[in-house]
Amino acid sequence: MKRVMVIGTSAGAGKSTFARKLGEKTGIEVHHLDVLYWKPDWVERELQEFSDAQREIVKEKQWIIEGNYSNTFEIRAAACDTVIYLEVPLYLCLYRVLKRWVTNLGKTRPDMAAGCTEKMDWKFIKFIVTTYEPRKKKMAERLDRFAAEGKKVVVLKNKADMDSYIVDLNFKTNNAS
C-alpha cells in the first residue's frame, strides 16, 4: 500500500478523518482534494489547475489522496494501488456534515483550503441527499473495476470498521519489522 485513494459515498462519510489517521499510522503524506480545489473565499480552481496539481502528486512514490471529485477521479484511479471506500448511511453523512459545520463555525478546517471558513447551505444538503444513492451505485461499479484491475479494494461501512482497520494496520506494520 503506497498509493492510496480514500473515497466515500458522500460528504460526511469520514474521508478526511480516516485519511489523516491512515497517514499518521503509515507515515505517508495525505493530500486533501478540498485543499487543492478551493481558493480562499470558496472560489473554485480552474479544472486544468486542479488536474495538474493531482498529476504532480500521483508521480510521487507514496501518497494518500482523500476526496471524490468525479471530474478528476481517473487521474488518481489510474495511479493508485489501493482504494479505501467509506460507505456509511446517509443519515450519518448528514449528521456529520451538520456537526462539522457547528463545530467549525467561523474557522477553516485543516483539510480545507486556507480562507474557506466553514459554511452550510441548503444547496449542499440537497446535493448530499440527491446524489447519495446514484453515487453509491457508481462507486460499486468502480470498486468492481478496481478489483478486476488488481488493485486492493477495502470497503469500510462504519466507524468501528474504520478504527479497526487503522489498529490492524498498525499491528501488521509493527509485526512486519
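Apart from one condition, PHE73 fits all of (1) farther than 22 Å from ASN158 by Cβ; (2) in a loop (DSSP other than H, G, I, E, B); the exception is (2). Go through the range 7-31 and report how many residues are of a type outside the set (Asp, Glu) and outside any loop (DSSP other than H, G, I, E, B). The number of residues fulfilling the criteria is 15.
From the list LYS61, LYS39, LYS25, the lone residue that is open to solvent by 60 Å² or more (accessible area, probe 1.4 Å) and farther than 30 Å from ALA147 by Cβ is LYS39.
Condition test on LEU86, is it modelled with pLDDT of 95 or more and more than 30 Å from GLN62 (Cβ to Cβ)? No: the conditions fail for LEU86. Applying the condition of being closer than 18 Å to ALA114 by Cα and charged (D, E, K, R) to the range 42-58 and asking which residue is most open to solvent (accessible area, probe 1.4 Å) yields GLU46. Scanning the range 107-136 for residues that are of a type in the set (A, V, I, L, M), open to solvent by 60 Å² or more (accessible area, probe 1.4 Å) and assigned to a helix (DSSP H, G or I) yields a total of 1. Here ARG109 meets the list (1) touching a strand residue (DSSP E or B) at 6+ places or on another chain (Cβ under 6 Å); (2) touching a residue at least 24 places away in the same chain (Cβ under 8 Å); (3) not aliphatic (A, V, I, L, M) almost entirely, failing just condition (1). A residue that is more than 16 Å from the chain's Cα centre (by Cα), under 23 Å from ARG45 (Cα atoms) and open to solvent by 40 Å² or more (accessible area, probe 1.4 Å) occurs somewhere in the range 97-106.
The values are calculated or read from the model by the stated rules, or taken from the named source; none is laboratory data. This structure is a prediction, so every number in the text was calculated from the model and none was measured. Every residue, glycine as well, gets a Cβ built from its backbone with ideal geometry; the counts of neighbours run over all protein chains shown. Ligands, DNA and RNA are stripped out before the accessible areas are found, and what is left, the full protein with its side chains, is counted by its heavy atoms. Shrake-Rupley method; radii C 1.70, N 1.55, O 1.52, S 1.80 Å.
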